[in-house]
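Asker: Pasting a structure here, questions to come.
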Amino acid sequence: MRLMTTLTHLDAAGAAHMVDVSAKHITAREAVAEGRITMSPDAATAIRTGAAAKGDVLAVARVAGIMAAKRTAELIPLCHPLPLTRVAIDLQTDDAGVTVTATARTDGKTGVEMEALTAVSVALLTIYDMAKAIDKAMVIGGVRLLTKKGGKSGDYFA
């Protein structure tokens with residue numbers, strides 16, 4: 001693991017700034033992130049079978065994750081807006097909850113890790129919102145980067 005000696009979003013005086021990526025080369029980049037929401041068996045069953053009162057929780061969470069990835073630069077102040085070439089949301093259900101995996105791709109000068117992480121986070125929040133009438137004690141956790149490919153810093157695998 002390589003240690004960073006400086007924080008790239010801080011200038012010499014310690015003020016926050018957007019990193020200048022103008023000298024970087026355009027490369028294919030991909031990031032995959034995951035997270036999980038755990039819940040009661042009743043909530044998990046309602047989501048899996050499409051019986052939640054608010055409708056198809058998984059379909060709405062998938063669309064919410066895609067929309068969130070596209071708006072990451074509006075939500076996280078120092079992120080660059082990116083021309084995303086792909087955002088995919090995978091939702092795996094089981095008796096205790098839902099695992100969300102997001103894949104984001106671009107051909108650009110900076111990575112798509114934040115887009116993948118934002119997609120996962122918003123998809124999980126959407127699941128909570130749509131199923132909170134069944135289980136207010138749901139727990140969101142484990143949001144993390146699984147892989148990152150492309151760019152100067154090379155590939156990363158969790």
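The values are calculated or read from the model by the stated rules, or taken from the named source; none is laboratory data. What you see is a predicted model; the values in this text were computed from it and never measured. Neighbour counts are summed over all protein chains in view; Cβ atoms, including those assigned to glycine, are modelled from backbone coordinates with ideal geometry. Quick note on the areas: whole protein, heavy atoms, side chains included, nothing else; ligands and nucleic acids left out. Shrake-Rupley method; radii C 1.70, N 1.55, O 1.52, S 1.80 Å.
Asker: Of all residues in segment 65-91, count the ones that are in a strand (DSSP E or B) and surrounded by fewer than 13 Cβ atoms within 10 Å (Cβ to Cβ).
Answerer: Counting residues in segment 65-91 that are in a strand (DSSP E or B) and surrounded by fewer than 13 Cβ atoms within 10 Å (Cβ to Cβ) gives 1.
Asker: Moving on. May I ask you to list the residues in segment 118-158 that are in contact with a Ser or Thr (Cβ under 6 Å, 6 or more places away or on another chain) and either farther than 21 Å from I76 by Cα or acidic (D, E) (or both)?
Answerer: Of everything in segment 118-158, those that are in contact with a Ser or Thr (Cβ under 6 Å, 6 or more places away or on another chain) and either farther than 21 Å from I76 by Cα or acidic (D, E) (or both) turn out to be D135, V139, G150, F157.
Asker: With respect to the numbered conditions (1) open to solvent by 40 Å² or more (accessible area, probe 1.4 Å); (2) more than 23 Å from K148 (Cβ to Cβ); (3) in contact (Cβ under 8 Å) with a residue 24 or more places away in the chain, which one is the sole condition not fulfilled by A46?
Answerer: For A46, the exception is condition (1).
Asker: Tally the residues that are assigned to a helix (DSSP H, G or I) and at pLDDT below 95, restricting the search to segment 98-148.
Answerer: 0
Asker: Considering each of K54, K109 in turn, give the residue that is in contact with a His (Cβ under 9 Å, 6 or more places away or on another chain) and charged (D, E, K, R).
Answerer: None of the other options fit; the residue is K109.
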